[in-house]
Amino acid sequence: MADTGLVETLLRRVEKVDGGLDSQDVATSLGVDHQAIVGAVKSLLALGDVISADQRSSKHWELTGEGCEIAEQGSHEARVVSSIPEEGMPQSQLMVEHLEDLVRDKLLLVQKGQASQLEEKEKNELKKRKLLSEVTVKSYWITKGSCFSTTITKQETELTPEMIASGSWKEKKFKPYNFEALGVAPDCGHLHPLMKVRTQFRQIFLEMGFTEMPTNNFIESSFWNFDSLFQPQQHPARDQHDTFFLSDPAQAHEFPQDYLERVRKVHSEGGFGSQGYKYDWKIEEAQKNILRTHTTAVSARMLYKLAQQEKFTPVKYFSIDRVFRNETLDATHLAEFHQIEGVVADYGLTLGDLMGILHQFFNKLGITKLRFKPAYNPYTEPSMEVFSYHEGLKKWVEVGNSGMFRPEMLLPMGLPEGVTVIAWGLSLERPTMIKYGINNIRELVGHKVNLQMVYDSPVCRLDS
Amino acid sequence: MPTVSVKRDLLFHALGRTYTDEEFDELCFEFGLELDEITSEKDIISREQGDTKAEGASDVILYKIDVPANRYDLLCLEGLVRGLQVFKQKMEAPRYRRVSPASSEPQRLVITEETTAVRPHAVAAVLRNITFTQERYDSFIELQEKLHQNVCRKRTLVAIGTHDLDTISGPFTYTAKPPGDIRFKPLNQAKEYTAQELMSLYKTDSHLRHYLHIIEDEAVYPVIYDSNGIVLSMPPIINGDHSKISLNTKNVFIECTATDLTKAKIVLDMMVTMFCEYCEEPFTVEEAEVVYPDGRTCQYPVLYPLTITLHESTEHIAQLLTKMCLRSEVMSDGEQIEVEIPPTRSDVIHACDIMEDAAMAYGFNNIPRTTPRTYTIANQLPLNKLSELLRQDLAAAGFTEALTFALCSQEDIADKLLKNISETRACRISNPKTAEFQVARTTLLSGLLKTVAANRKMPLPLRLFEISDVVLKDESKDVGARNNRRLCAVYYNKSPGFEVIHGLMDRVMQLLEIKPGQGNGYHIQAADDSTFFPGRCAEIFACGKSIGRLGVLHPDVINRFELTMPCSALDIDIEHFL
């Protein structure tokens, strides 16, 4: 609060005039610093409509330091002249009959506030000599407000328990809040955006009646990751360049023996209506432990387990978990990412069913326009890439992969003939990066995450 | 997915019409291809080596087309055009025929016993009276390279050699000899080298050095001679210069040596079926006879169509299949379709492959969408359900969720935490490209500390948590390892905040309905752990079992993670609470 005395003086001045007055004039006439008057105006404005004040600016001329010196002691020229001793006067002195110090006179005029008496040309000349400067002054034009009064009541900042108890709040005036400012950030924790998206996908699968698979086994044998899926042992995905192999524990040591034999046979000799790949299938390749390259390894285990049931029951499974690829890393690819997978096993499922269920699934993500492209995948036939129309990019973009598991995968497991299994998969990172507008995957996943991004990330509603 | 690059105008000429880029893209989509890029040689060079280098390069428009990995028959212009023309019903699928030479014995390739040790299989065939043009020749060479990279698995499974038959004379011998005993002038070299010299010569060859390892350490190297002792090739490395083909070559002898006979047959079939349309008698291939060490003989190429019977009945399906180069006929019983699989379609090995082609010919997007009636009740995995519930409440308790990598360096889980790697039960990766992927993590703590280090500019305190899996060796599992679900949290501030992390642990126990106390409750007791500051670490017991630790981290741990403030941490195994 500005000095109360000054505030009251100012109010009395405003009361006396009809139109209004300029804060600069008030300062001059009261002989106080203009800033003090500005402070008083601001504190009055904060009280509501006691006064109203419009900011205005005016220009005036002021003497510079050198200008002040000249105004006081005369111009340099005049001072030189006057400092010449009387006795030894050189010739030059004779030329000065009467010394009129025009510069000083002009500066004195300005100092008295009568700059308007000088011509523009004269002022500019003095400005060039750095004796005068033009100053812009901001001031307020003060008029009475709708609640004008010369007495001021102190405003309360906050409601207190005492005011509520005594009822004094009824008489008090409260300082208005600044609604432009931001509030205080709550002191809270935050969930990671990728995990928020995972929760939503999990929710969607649960809404659709899918049961979650146990995917908590990052280390898998090549047998379950590749061989059981009818992926031949020379397949490029099984290269050192694409897959992380383990040196410890290097090998898996336990397989369902009769099933393993059927897998060997379908690869090397064919059977179950298939020609097979006709190569020398080696148990040593199947035993090699790896970091799973897809969660489909778990789907294979689950389908094998299902096939061991006395009577087949239809199932719908899903999982969302980490998979690992020994690939080249870039802004959108890491060595580990999350795979989302859905699997349905039942008698007589068709390609139409797969497309139908994909429509329902993607609808829940807010994606309605889908189309399907034939593709190749060693363990599904037919295989379809799923494309959705991206309204922003105005083109079709790939959003997932799908297919029907090959009979060479299902029949050796012991699933009844006539049971078909449809499946689809997509990555969790890609939709999350699109959803949250993240271009570099390292800002999202891993220790280089930007925590501010985590703090600021909104809730995840995939369908809006 | 292999990419085939074809000249657009050449392609359109062969297809008998032009397409806009959009139209062609659409056709590719239907056929399961992807028009990946529209470019030119000039564009490619200027992008890779700068504009000045591109000066004068061809600006003929190239289509780069992604082809499914199992469709070796679409890896060259000839195959692409044939596939698309049949699909658009502009031509009938050709029938490939193996023929005997008109006036002489077939070419013979004799395999000797010595090859067994290094590369036991070989197949061969002849393209008789072929007419090359520059484009055809380029495509012929390009297809060999594409096959080498794909189905041949970088020449490990199969290597192809093509020769001007008129420069050599059969019978040919496929044998294996010590490298010092092999001496010939290799392709595009001026003088003769021994095999040993060749191996060192090619050590620096940007292309060939990738194949040396296939035979480098063998006692004998494979080699093919003609009847005059001229070297045709030293597979899988290089051909001889003597028999190299040119634009003027009329008769081509093709040999494929292999470690996998099935793949060798497929590769030979691909080479001959793709280019026999340029023979005087199109779509015929002259046979060659392969003589095995035991005296058996075999005629190649195989080229026999495979016949698969579909238990479907409609005439319509048969028509659709014909569109996909699969000649089909409804059988007399009217309930089955007999499908002839041409040698070009080695990808077809089961009736389901044929049904996919039928679906493609019909158009995937024309199939009515249906909803399966499969009725199931959803279940959550109990471990994931618990993790989800705890995550929500940990965030509500003021901690922020981190998401760190499951793979890390050995240093991260051992040295930096002042632990010995042998006590971590860590699983090791044999082929990491960098130190970041040496082991699977055995603790979540290092990931959280690295997250703190990367966010030192953020206002203090930092409170982080993660609920995720670590991996531990476990002999009782089939693969010898298992995941373990952990809850880890850190508090990083100007003071250690043991009470904060302790309070979080109390809160977690409260959420899990475990009361303080011995026996069925939980309690903590002082413990020694090298990761923690001495006297500032406690072991947590719940329901009588040790479930984890909490404490103030050792200053050396703080330093090793490049941190500057005190930090307290909590690490528990939540699988006890299922």
Margin query: So in the range B:426-446, with the set limited to residues that are at the interface with chain A (Cβ under 8 Å from one of its Cβ atoms) and not in a loop (DSSP other than H, G, I, E, B), which one is farthest from A:Leu329 (Cα to Cα)?
Written below: B:Arg428
Checklist line | Residue tally, condition open to solvent by 50 Å² or more (accessible area, probe 1.4 Å), within 14 Å of chain B (Cβ to nearest Cβ) and within 30 Å of A:Asn440 (Cβ to Cβ), over the range A:161-196 | finding: 4
Notebook entry, point to check: In this structure, is B:Thr162 open to solvent by 40 Å² or more (accessible area, probe 1.4 Å) and either in a helix (DSSP H, G or I) or among the β-branched types (Val, Ile, Thr) (or both)?
Noted result: no
Checklist line | Restricting the range A:362-385 to residues that are in contact with a Gly (Cβ under 7 Å, 6 or more places away or on another chain) and more than 7 Å from chain B (Cβ to nearest Cβ), the residue that is farthest from B:Glu26 (Cα to Cα) | finding: A:Thr380
Next item on the list: Please go through the range A:221-238 and pick out each residue that is in a helix (DSSP H, G or I), at pLDDT below 95 and at the interface with chain B (Cβ under 9 Å from one of its Cβ atoms).
Entry: A:Pro236
Check: Given the conditions (1) at positive phi; (2) touching a residue at least 40 places away in the same chain (Cβ under 8 Å), and given that A:Lys394 satisfies all but one, which numbered condition is not satisfied?
Finding: (2)
Check: Taking the range B:447-485, which residues are under 16 Å from B:Arg391 (Cβ atoms), open to solvent by 10 Å² or more (accessible area, probe 1.4 Å) and more than 8 Å from chain A (Cβ to nearest Cβ)?
Finding: B:Ile467, B:Ser468
Margin query: Just to be sure I understand, how many residues within the range A:266-291 are part of a loop (DSSP other than H, G, I, E, B), facing chain B (nearest Cβ under 10 Å) and not small (Gly, Ala, Ser)?
Written below: 6
Check: Considering only the range B:450-468, how many residues are in a loop (DSSP other than H, G, I, E, B) and under 38 Å from the mean Cα position of the chain (by Cα)?
Finding: 1
Checklist line | Sole residue being of a type in the set (Val, Ile, Thr), crowded, with 24+ Cβ neighbours inside 10 Å and modelled with pLDDT of 95 or more, chosen from B:Val490, B:Val500 | finding: B:Val490
Checklist line | Top-ranked residue of the range A:386-397 - restricted to ones that are more than 17 Å from B:Leu27 (Cα to Cα) and open to solvent by 30 Å² or more (accessible area, probe 1.4 Å), ranked as modelled with the highest pLDDT | finding: A:Tyr389
Margin query: Going residue by residue through the range A:273-296, is there one that turns out to be at positive phi and small (Gly, Ala, Ser)?
Written below: yes
Item checked: Conditions (1) at pLDDT 95 or above; (2) within 12 Å of chain B (Cβ to nearest Cβ); (3) in a helix (DSSP H, G or I): number failed by A:Tyr304 -> (2)
Check: (1) touching a residue at least 60 places away in the same chain (Cβ under 8 Å); (2) open to solvent by less than 80 Å² (accessible area, probe 1.4 Å); (3) closer than 30 Å to A:Thr380 by Cβ: which one isn't true of A:Gln155, the others all being true?
Finding: (3)
Next item on the list: Give the residues of the range B:271-311 that are assigned to a loop (DSSP other than H, G, I, E, B) and aromatic (Phe, Trp, Tyr), sorted by residue number.
Entry: B:Phe283, B:Tyr292, B:Tyr304
Margin query: Scan the range A:451-458 and tell me whether some residue there is more than 29 Å from A:Leu349 (Cβ to Cβ) and away from chain B (no Cβ under 13 Å).
Written below: yes
Margin query: Just to confirm my filter: which helices (runs of 4 or more DSSP H) fall fully inside the range B:349-425 and include at least 2 residues that are farther than 30 Å from B:Met458 by Cβ and more than 7 Å from chain A (Cβ to nearest Cβ)?
Written below: B:351-362, B:382-396
Next item on the list: Test B:Ile524 against the criterion of being open to solvent by less than 40 Å² (accessible area, probe 1.4 Å) and either under 30 Å from B:Met458 (Cβ atoms) or modelled with pLDDT of 95 or more (or both), and give yes or no.
Entry: no
Item checked: Set A:Phe312, A:Phe337, A:Phe318: member being farther than 24 Å from A:Leu194 by Cβ and either open to solvent by 30 Å² or more (accessible area, probe 1.4 Å) or touching a strand residue (DSSP E or B) at 6+ places or on another chain (Cβ under 9 Å) (or both) -> A:Phe312
Margin query: Which condition from (1) assigned to a loop (DSSP other than H, G, I, E, B); (2) more than 17 Å from B:Leu449 (Cα to Cα) is the one that B:Leu504 breaks?
Written below: (1)
Next item on the list: Could you please find all residues in the range A:239-265 being more than 10 Å from every other protein chain (Cβ to nearest Cβ) and open to solvent by less than 30 Å² (accessible area, probe 1.4 Å)?
Entry: A:Tyr259, A:Leu260, A:Val263
Note to self: All but one of (1) open to solvent by 10 Å² or more (accessible area, probe 1.4 Å); (2) among the small types (Gly, Ala, Ser); (3) under 27 Å from A:Phe218 (Cα atoms) hold for B:Ala396; state the number of the condition that does not hold.
What the structure shows: (3)
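State whether one or more residues within the range A:344-356 are facing chain B (nearest Cβ under 10 Å), without any contact (Cβ under 8 Å) to a residue 40 or more places away in the chain, farther than 21 Å from B:His350 by Cβ and of a type outside the set (Ser, Thr, Tyr).
Taking every residue of the range A:344-356 in turn, at least one turns out to be facing chain B (nearest Cβ under 10 Å), without any contact (Cβ under 8 Å) to a residue 40 or more places away in the chain, farther than 21 Å from B:His350 by Cβ and of a type outside the set (Ser, Thr, Tyr).
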Notebook entry, point to check: Hey, does the range B:15-26 have a residue that's open to solvent by 20 Å² or more (accessible area, probe 1.4 Å), modelled with pLDDT of 90 or more and on the phi > 0 side of the Ramachandran plot?
Noted result: yes
Next item on the list: Six or more apart or on different chains, Cβ under 8 Å: which pairs go from a residue in the range A:279-299 that's among the acidic types (Asp, Glu) to one that's open to solvent by 40 Å² or more (accessible area, probe 1.4 Å) and outside any helix (DSSP H, G or I)? Could you list them?
Entry: none
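The values are calculated or read from the model by the stated rules, or taken from the named source; none is laboratory data. Keep in mind that this is a model prediction, so the values were computed, not measured. FYI the Cβ positions are ideal-geometry reconstructions off the backbone, even for glycines, and counts take in every protein chain you see. Heavy atoms of the whole protein, side chains included, go into the accessibility calculation; ligands, DNA and RNA do not. Shrake-Rupley method; radii C 1.70, N 1.55, O 1.52, S 1.80 Å.
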